[in-house]
1. Using a 1.4 Å probe over the heavy atoms of the protein chains, calculate the carbon and sulfur portion of the accessible area of the range 699-739 as a whole percent.
2. Can you tell me the FRET efficiency between ARG650 and ASP438 if r is taken as the Cβ-Cβ distance and R0 is 45 Å, rounded to the nearest 0.05?
3. Among rounded, prolate and oblate, which fits the range 505-590 when a ≥ b ≥ c are the square roots of the eigenvalues of its C-alpha gyration tensor, a/c under 1.5 means rounded, and a/b larger than b/c means prolate?
4. Please find the FRET efficiency linking ARG610 to LEU31, where r is the Cβ-Cβ separation and R0 is fixed at 51 Å, and quote it to the nearest 0.05.
5. Extending each Cα 7 Å along its Cβ direction at GLU420 and ALA529, get the distance between those two points in nm, one decimal.
6. Over the range 305-403, with every protein chain in place, what whole percent of the accessible area is carbon and sulfur at 1.4 Å, could you tell me?
7. Where only protein heavy atoms count, and the probe is 1.4 Å, what is the accessible area per residue for the range 558-618 in Å²?
8. Counting only protein heavy atoms, what percent of the accessible surface of the range 484-637 is carbon or sulfur at a 1.4 Å probe?
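The values are calculated or read from the model by the stated rules, or taken from the named source; none is laboratory data. The structure displayed is predicted, hence computed values, not measured ones. Backbone-built Cβ (ideal geometry, glycine too); neighbour counts: all protein chains shown. For accessibility, only protein heavy atoms count, side chains too; no ligands or nucleic acids. Shrake-Rupley method; radii C 1.70, N 1.55, O 1.52, S 1.80 Å.
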Amino acid sequence: MARSISGRKKPTKSERAESPSQFLPSREEILRFISENPEQAGKREIAKAFNIKGSDRTWLKDQLRGLEDDGAITKRRKRLSRPGELPPVGTLVIFGRDAHGHLLARQDGNEASDAVVSIAPPRGERGAKTPTAGVGDRVLAKIFRGREEDGAPVWTARVMKVLAKREAALLGILRQTADGSFRLDPTQKRQSEMAIDAEDLGGAVAGDLVEAESLRSSGYGLPRARVTAVVGSLANEKAVSLIALHEHGIPYRFPQEVLDEANEARPASLANREDWRTLPLVTIDPADAKDHDDAVHAEPDPDEANPGGHIVTVAIADVAAYVRPGTPLDREALRRGNSVYFPDRVVPMLPERISNDLCSLRPLEDRPALAVRMFFTADGRKLRHTFHRIMMRSHARLAYAQAQAAIDGQTDETTAPILETILHPLWDAYRAMARGRDTRQPLDLDLPERKILLKPDGTVDRVIVPDRLEAHRLIEEMMIQANVAAAETLEARKQALIYRIHDAPSLAKQESLREYLQTIGMSLARGPALRPAQFNSILERVRGASTEQLTNEVVLRSQSQAEYAPANIGHFGLNLKRYAHFTSPIRRYADLIVHRALITALSLGHDGMRPGDESRLEEVSTLISASERRAMAAERDTVDRLVAGYLAGRLNETFEGRVSGVTKSGLFVSLPQYGADGFVPISTLGDDYYIFDEAARALVGQRTGQGYQLADPVTVKLVEVAPVAGAMRFEIESDAKQLSPGQRSFHKAVRGKARQRASVGKRRRS
């Protein structure tokens, strides 16, 4: 008799008809299959493995949902795995060695997993180049699941690439005290200052960012250190971001061979391109933008079959024409993954010769581009699209505020001549597209973004919340639709690509959100099939209420993190079935991959994907997803340091803030006017005993039932600042608030549990 891939005998049709339940897998068999096929087991694969067909698929769906509800399995990218399972390819951080000298590592960025991975010494072919990793390094590795010991899997890995060398050195700013001695102010918030003797300065001077190693201490006074390397001078570079660059291992100096390749590049020719230079495309960007990689155009659709329709064209800089696969320029772009934006500098993915010159869509200059022409109905539904490799010429460079002002009736010498011919058709098309967006209902969070403005000396001038203009939404929606078109075309051509994916909230995060909503008298339906519209309904119900800010924050924190992957699961936040980044190849490597895929799939040239590139898409996706997280962390740390340095001279002043985080150890309070956080230790909150209420995101007084909750407005006093570490400590000046009825019921339960614990402790002591 034939067997399925699970090893079970396949029942005949008559056997299944006589006793269908006899041939359905048990719970244990399903779990065993998922364990043995990590990151590769989905509902379809399980059904195939156990020969489950017809109506029995409904039974399987119910079984899997039950296992997920029980926490026995987790779902990611439509793939099922056991809790604690690791991906087949991932980034690891090496933290030590075992008794045999093998390196030990944990998954990077996954604090929920305590799985330890053993990395054996490389055993390559003679003469083969194998990456050599050490303790403290961050690596890309293939991960293998071995046998189980004590009920837990044994994990091993093979290093594919060393992503960042993390030396065991301390990083800090050298400071000279009033008595002439030297101190190291560490950049890490939890590291205390250290003393450095004059003979151990290593040529460093006060104000230098240095690496140091700790020295053996006598146990009295400050711990001592010795400078091992001077990274740079903050005074000379006027760049607090230098700390974040070094701390997060972000490359910010281009190797000479990369610069040479960029400088030798010559403008692309018209050969094998469509000539679109007469099409009046325009760029609309921030006023301070230095590179312009997207241009737009719109016109009414003359087709009588599409009454009231529009033709929208999006042209994107043809970076693939200059950055060829496998070259030093390409390898460096992949190593960086994306451009990184700080208040005081930009660290580009590509050298300026490429990003700000050859690929920047400057007005009235010929530039190569990859363009998509999209046809929309009057209600914003996309009918079709086509891709073209072109030579274009931007007819105007506009800022968002400038374009918006023209539409609002305030034109200038640039916008007046193109108002009727270019700008009004763009806005007409956008308003139709907006109707389509409203029908689609993507997640609609209301969380304003803040921007730090600096003085010429690099210190903080002020923090602003830029206006959210219709011009911003126009460009955003046109870029989204261009990205969708790219993914659709590549799927239709069966061309491998890198998707931008965003998973639905996990069941654990859904439950946490559900608990919060109960405290404000709202509910969230159970089940894995949540849609963004359900979250939008919640946000609409709290609009204008005192809980609006808090609810937006909690809904945001319930969402999964977007990432890159060659396997598609859709984009939950945008409510799209397929989505790929295509519109920013100057600053994102993922977009460059999509450009190359389109060139190959549509036979638009010989500079597309190479044979073998598809097999590396999983590795590339992992690398650029990690680079994106690294950039976000570095940008956040830099803002914290800039604001802390700005406020260092204002100790004991009071500020109006808002609770931005609640933990068992205290409160994080953000200062809206500065966009940075400080910490309030729980021990300083008052004479009550405070208990952490995870569901309500609050610290609740055990005796009074009063407390502090996420998003509460509070008055705080600044009592301590560590500018180099970007750390501030506050004391609460505001009184605790009385909790809502839902939170009071929680408080009663907490008090009951506290009394029960106290009673048990008393009996044990007696």
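1. Its accessible area is 41 percent carbon and sulfur atoms.
2. Plugging the Cβ-Cβ distance into 1/(1 + (r/R0)^6) gives 0.50.
3. Numbers: a/c = 2.62, a/b = 1.89, b/c = 1.38.
Verdict is prolate for the range 505-590.
4. FRET efficiency, ARG610 to LEU31: 0.80.
5. For GLU420 paired with ALA529, the spin-label model returns 5.3 nm.
6. Roughly 50 percent of what the probe reaches on the range 305-403 is carbon or sulfur.
7. In whole numbers, the range 558-618 has 36 Å² accessible per residue.
8. On the way: 2920 of 6060 Å².
Here it works out to 48 percent.
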